[in-house]
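The values are calculated or read from the model by the stated rules, or taken from the named source; none is laboratory data. The shown structure was predicted, so the numbers you read here are calculated from the model rather than taken from an experiment. Backbone-built Cβ (ideal geometry, glycine too); neighbour counts: all protein chains shown.
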Amino acid sequence: MQAVQLAELLAQTPPGVAEALEVVAGFDAALAGGLARLGPRHAEAVNALAAAVGASPLGTALADATAKVAGGAIGVPETTALAGARAALLGAAHDALLARLDGALGRSRAAWQERPADGEPVPANLLAAARSWLRELAIAGWAGVDEGLASAADQAVEALWGEPRLRRLAVLLDGMAAELRVSSPVATMDRIPERRWADLWTRAVLLSHSGGRPGGTTTVSGRLLPLGVDVHEHGTAVQAQLHAVLEPNGGEGPVRLVRVAVSAAKVDTIVGPEVWKLLSAYPTLLAALAEHRSVGVSGMRLTAGGDLLWDEEHAEAGEPADPFATARVRLPDAEAPAVAPLDRHPVHIAEPVLVEGYKAKRDGTFDLGGETLAVDLDRLPPGGPLTAQLVTASTACIGLLRWDAGRWSLQPLAVQSTVKKQPVAAHNGDWALGPTDPKVAKAQARSGDPVAVLTERAGRLLRK
């Protein structure tokens, strides 16, 4: 992607996006105060939400819902309608932004095709319990949440954990309840994260109706060419999400952009390069990242949203494959996956691109010759060699284009730079098999192996 294409993308926000987000922000403020005690300003915000979707199939349901909310009759159908309208507005903003990005890149995108979920329907009572708690949250508002209301989710969450097919909803509600509990009483907080909690609430409401079961998959075979890996690290979990190009065997079907995500539980003392050891169950994938190799996949499952469900038994290490060569040769013509309905939100936009023809500046931006692209240096993971210094000295960058807080930004996954007049490339996954920097490796050796120690201790406890 050349600077001129990026400049076209950055020049103007699609019409209607700012207005849609303003309506959503107004509703989020009303939800924070609680639907049971809407003042004039917040009542107007709820009505604005209904008006924004008035011409859509949601219009009638929203008109009925707002009338009942105004009268104090707030049931599950009303909260569901409000959550659906909020999701629809954010989905429309997402679609406008993504269409703008695809147009600037000249990128084709697959159309969404719903694939029926496998198996029997999930127990309705489990979903009803979740909806009941989410309704109580909406009535009380974030300002009305105390430890008692946050803990009221415990019974529903425990029941959801017992049904593997509802794991997505269970994880979401469990995490949301825990976050509210540690923030209680919320009314005493200096600042309530209205957008974040409204996002979580909306997604949970919709999942409590759909069940959140993954849809069906197709099987694919071909050559996987890595572009870059995004490492998500939390105190209790780590996930490596690879963005890659999949070339089908025999030219059957289009060359596709896909994602591969693997994860593991962790403790907060395991940080930096050590987190890669937690993913040792995926040696073929880690070798592909560290050694810049392709991977042959055979009969691996692929979701409609472009997620390749990784299975080591269906993967075989291939030949060396330079991610920058892949980005230059194969990425421009690769078909992007469709976006799942629940993921149609601006914050979910994370499109892999190759950016060249820019001038990196010390303030963490790329000068595109008329437009400035923000570079998100805060997302650089500590478990790899990619640093802010290398980014600001770079001449080419593989990254993820994101849209948040009203602007586009680039999250670097790999860069090509010149250090002491020598070309240097650094990738987030270079240390997947261990640090290649002698200083880092030596420091790691001195500090011992916390993963091995914790594993040994856990084994000892289990033997007792």
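Some observations on this one:
- Residue within the range 14-31 that is free of Cβ contacts under 8 Å to residues at least 12 places away in the same chain, of a type outside the set (Phe, Trp, Tyr) and closer than 17 Å to Ala143 by Cβ present: no
- Check on Pro381, touching a residue at least 40 places away in the same chain (Cβ under 8 Å) and touching a Ser or Thr at 6+ places or on another chain (Cβ under 8 Å): no
- Of the set (1) assigned to a helix (DSSP H, G or I); (2) of a type outside the set (D, E, K, R); (3) within 27 Å of the chain's Cα centre (by Cα); (4) not assigned by TED's automatic domain parsing to the domain that holds Ala20, all apply to Gln155 but (3).
- Where Leu38 falls short, out of the listed (1) modelled with pLDDT of 95 or more; (2) within 23 Å of Trp133 (Cα to Cα); (3) not β-branched (Val, Ile, Thr): (1)
- Any hit, the range 6-24, residues being assigned to a helix (DSSP H, G or I) and polar (S, T, N, Q): no
Each row is one residue, and each column tells you yes or no for (1) surrounded by 21 or more Cβ atoms within 10 Å (Cβ to Cβ); (2) small (Gly, Ala, Ser).
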site: Lys361; (1), (2): no, no
site: Thr372; (1), (2): no, no
site: Gln389; (1), (2): no, no
site: Ala393; (1), (2): no, yes
site: Ala396; (1), (2): no, yes
site: Lys421; (1), (2): no, no
site: Ala425; (1), (2): no, yes
site: Gly429; (1), (2): yes, yes
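- Those residues of the range 398-438 which are part of a strand (DSSP E or B) and among the small types (Gly, Ala, Ser), in sequence order: Gly399, Ser409, Ala414, Ser417, Ala425, Ala426
- Selection from the range 158-196 of residues that are outside any helix (DSSP H, G or I) and either under 18 Å from Asp146 (Cα atoms) or basic (Lys, Arg) (or both): Ser184, Pro185, Met189, Asp190, Arg191, Ile192, Pro193
- Selected residue [at positive phi and either modelled with pLDDT under 95 or in the same structural domain as Ala36 (by TED's automatic domain parsing) (or both)] from Gly162, Gly175, Gly119, Gly141: Gly119
- Flag if Gly91 is surrounded by fewer than 14 Cβ atoms within 10 Å (Cβ to Cβ), within 17 Å of Ala338 (Cβ to Cβ) and touching a helix residue (DSSP H, G or I) at 6+ places or on another chain (Cβ under 9 Å): no
- Scanning the range 166-176 for residues that are crowded, with 20+ Cβ neighbours inside 10 Å and either touching a residue at least 60 places away in the same chain (Cβ under 8 Å) or farther than 11 Å from Ser208 by Cα (or both) gives a single hit, Met176.
- Residue selected from the range 350-378 under the condition in a loop (DSSP other than H, G, I, E, B), in contact (Cβ under 8 Å) with a residue 40 or more places away in the chain and among the small types (Gly, Ala, Ser), by the criterion nearest to Pro337 (Cα to Cα): Gly357
- Of all residues in the range 197-211, those satisfying the criterion of being small (Gly, Ala, Ser) and in a helix (DSSP H, G or I) are Ala198, Ala204, Ser208, Ser210.
- Filtered by the rule that a residue be surrounded by 19 or more Cβ atoms within 10 Å (Cβ to Cβ), in a loop (DSSP other than H, G, I, E, B) and not hydrophobic (A, V, I, L, M, F, W, C), the range 33-80 gives a lone residue, Gly34.
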